[in-house]
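The block underneath contains the structure these notes are about, expressed in C-alpha cells.
All of the numbers you see were taken from the coordinates with simple rules; none came from a lab. Computed from a predicted structure; not experimentally measured. Cβ placement follows ideal geometry from the backbone for every residue including glycine, while neighbour counts extend to all protein chains displayed.
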Amino acid sequence: MNNIYMKSAIICGIVFLLFAITSCGNPTGSNVSTSTPTPIQQEVSTNPTIAPSPTATHAHSAQVVATPTSTPGSGPLVILTPTPLPGGSSNSQLVTLPDRTLAIHSASKQPGMVANSTAISLVMTINNTGTKPILNQAAYYLLVGSEGDVFGYQSSATAGYFGTIASHNSSSGTIVFQVPAAAVKGLRLMFRPEIVQETVFVALSVN
C-alpha cells in the first residue's frame, strides 16, 4: 500500500516539474510583442529642379521677295516736224517706219453727218517696204483731239484700201472720220499697226 502511494507521489512530482519548466520557457504566455513601424516621411524639396525641356528649333524659311524688273518700253513716235512728200503739197506728210511708209497726201474738212460735227477726209498711201506681207486695217487709224479725246468713227473708206499688202506693194485710199466741230483744231492721226512699236502720232494740217 505504501509503495503504490509513493509511486503516485513521484509521478505527480515529475508532471509538476515538467509543467514548471514549460512555464519558465514562456513566462509571458502567448503575448507576442509587435512593433509599430515608424512612418518614414518622404522629404520634398522646396526648390525642385525642373528638367529643362528640349529647345525647339524653328526653321525659318528665307522669304524671297521678287523684285520686278521692268524693261523700258518705247512709247509712240510723235512727229513734231512733218516731212512733206516729194512733189506734194505743203500739207502732205511722209511717215517712214521700219517696214512701211505712210504718205498723207491731204487732210480736208467738210460738214459732218449731224449738227455740230465735221467730216475729216484723209487721202493716204501705205507702202510695204519690207520683205514680208503687212496688214492694213481700219482699226489702225484713229484721230486724237488736242485734249486727248479719241475719235475712231469712220463714216466711209475707199473700197480695197484695207487688207493684206504684199512685199513692195502699196495701197491708196481715203478715210472719212466724223468728229465734233470743236475738236478740229489740233487734230492728230494716231497710226497703230500690228507692230505696236511702230505706233506714231502725226499732227494734221486740216484745210
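Figures for the structure shown
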| read-out | value |
| --- | --- |
| Filter result for the condition that a residue is in a strand (DSSP E or B) and touching a Lys or Arg at 6+ places or on another chain (Cβ under 9 Å), over Ile126, Ile175 | Ile126 |
| In the range 178-204, residue surrounded by the fewest Cβ atoms within 10 Å (Cβ to Cβ) [restricted to those that are touching a strand residue (DSSP E or B) at 6+ places or on another chain (Cβ under 6 Å) and part of a loop (DSSP other than H, G, I, E, B)] | Glu194 |
| Failed condition for Met113, given (1) in a loop (DSSP other than H, G, I, E, B); (2) closer than 18 Å to Val200 by Cβ | (2) |
| Selection status of Ala203, of a type outside the set (Asp, Glu), in contact with a helix residue (DSSP H, G or I) (Cβ under 9 Å, 6 or more places away or on another chain) and within 17 Å of Val123 (Cβ to Cβ) | no |
| Identity of the residue in the range 79-96, of a type in the set (A, V, I, L, M) and under 49 Å from the mean Cα position of the chain (by Cα), that ends up surrounded by the fewest Cβ atoms within 10 Å (Cβ to Cβ) | Leu80 |
| Subset of the range 147-166 (residues that are touching a Gly at 6+ places or on another chain (Cβ under 9 Å), exposed (fewer than 12 other Cβ atoms within 10 Å of the Cβ) and under 16 Å from Arg188 (Cβ atoms)) | Glu147 |
